[in-house]
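No value in this document is a laboratory result; all are computed from the given coordinates. The shown structure was predicted, so the numbers you read here are calculated from the model rather than taken from an experiment. Here the Cβ positions follow ideal geometry from the backbone for every residue, glycine too, while neighbour counts run over all protein chains shown.
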Amino acid sequence: DPASRRRPRRIGLSLGVFGTLAVAADGLLLKLAFASGASAAVAVIYKYFAAAATMVLFLTAAHMRDRLVKGSGKGLEPFLPVPSRLGVKYIVMSAGLNIILEMCYALGFFFTTSANVLAFASLAPVWTTLFSWPALKTIPPRRTLVACVFALAGSVVIGLGFGLAGSADQSQTETFRALGLSFAVGTGISAAAQFTLIQKAALRAPETNMLVAHGFGVALAGAVGFALLPSPIFHPPGTPLYPGQAATGYLVACGIVCSALAISALTLACRFIPATEVSLLLQIEGILGPVSTFLALGEVPSTYTLAGGVLVIFVVAVHEALAFREEMRASHE
């Protein structure tokens with residue numbers, strides 16, 4: 001049935017687009033929290049414990065649903081099946097990668113501009129393509145490879161403006177810039193590794209629900225925030241642990257929407273469409289993030305950021321249009 005064959009891709013694409021739009025607000029909410037008095041360590045603690053609490057509620061509801069389904073005798077598939085030994089291995093590895101990804105992402109926005117973070121994070125499709133060949137033994141479609149080349153070109157254009165974009169903190173030191181660059185590069189690499197691992201788990205241990213790994217990952221990321229408190233770089237002396245009502249609200253919203261909901265949607269999307277394609281969809285954030293921080297905070301993106309962002313958006317749109325055309329052709333054969 002052509003319609004049934006198209007349904008998984010449409011589900012994956014819908015989840016990917018939702019996750020991308022939700023995570024696009026991450027940088028803005030973090031920047032607003034920093035502007036309202038939150039330190040980097042406090043932001044990590046509040047954001048990721050809010051995300052962890054949301055994941056606990058969601059996974060608990062899913063477990064209760066599974067118990068009801070099992071008792072009804074309707075034969076429906078459980079949402080949270082008991083993982084195999086291999087599945088547990090993937091959950092542990094994914095949780096570790098998730099800690100790295102979340103920490104790089106949150107701290108990158110503290111040490112440099114949104115445009116700079118997202119410029120290097122937008123290399124994720126290239127990294128995903130490289131990781132997919134040895135890990136998944138699959139060769140991406142030619143259109144995906146071409147799109148990755150152009151996405152790389154767009155991110156290089158954006159990267160040319162690194163350090164040139166306006167910043168609310170003009171007194172950034174070279175240490176801050178180096179940390180910002182490191183965290184930004186780490187975001188792209190860890191995101192690609194995470195997407196590839198999720199897809200490999202779906203192939204080798206399909207019964208494993210990787211949302212469990214995300215729940216563990218954000219909880220551990222929040223705990224790492226406490227380890228950052230003694231550092232004057234991440235938590236300057238005299239900075240309160242309670243950053244105030246406004247900053248707390250931004251961080252809680254960021255944890256719920258941009259981490260728990262967004263990453264859950266992107267994790268599920270990897271079960272329906274290729275990891276490289278999910279990474280490509282995320283490139284939309286590369287333009288939405290800097291634009292939103294510019295409109296709300298006056299953080300000025302450079303001409304390089306605008307030019308590279310337009311190129312990336314165009315590449316994603318063309319890639320998805322070609323994928324849809326191939327899908328329609330296949331359904332009529």
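List of remarks:
- Cross-link reach list, lysines versus residue 31, counting only Cα pairs under 22 Å and skipping chain neighbours closer than eight places: 47
- Helical segments meeting 18 Å axial Cα length and Kyte-Doolittle 0.0 threshold in the chain (DSSP H): 2-23, 40-72, 85-111, 142-159, 174-204, 211-228, 303-331
- Per-peptide packing, taken as the mean over residues of other Cβ atoms within 10 Å, places 149-156, 80-87 in the sequence 149-156, 80-87 from highest down.
- Among 183-190, 126-133, 111-118, sorting by the average number of other beta carbon atoms lying within 10 angstrom of each residue, highest first, gives 111-118, 183-190, 126-133.
- Look at where the Cα atoms of the stretch 9-37 and of the stretch 106-135 average out, and the two centres are 15 Å apart.
- Subtracting the Cα-Cα distance of residue 178 and residue 203 from their residue separation scaled by 0.36 nm leaves 5.2 nm.
- Check: the chain dipole with +1 on Lys, Arg Cβ and -1 on Asp, Glu Cβ, in debye: 1040 debye
- Lys, Arg +1 and Asp, Glu -1 on Cβ, resulting dipole of the stretch 1-64 about Cα centre, debye, nearest 20: 340 debye
- Of the labelled figures [x] 31, 24, 20; [y] 39, 28, 24; [z] 32, 26, 16, only one reflects semi-axes √(5λ) of the Cα gyration tensor in Å as derived from the coordinates, namely [z].
- Highest GNM mean-square fluctuation among 24, 178, 253, for the chain modelled with Cα contacts below 10 Å: 178.
- Only lysines eight or more places from residue 137 in sequence, or on another chain, were considered; those with a Cα closer than 24 Å are 89, 200.
- Packing order of peptides 238-250, 286-298, highest average first: 286-298, 238-250 (average count of other Cβ atoms within 10 Å over each peptide's residues).
- Judged by the ratio a/c of the largest to the smallest principal axis of the C-alpha gyration tensor, the stretch 121-274 counts as oblate, that ratio being 1.5 or greater while a/b is no larger than b/c.
- Tensor-based shape of the stretch 21-126 (alpha-carbon gyration tensor, a/c under 1.5 rounded, otherwise prolate or oblate): prolate
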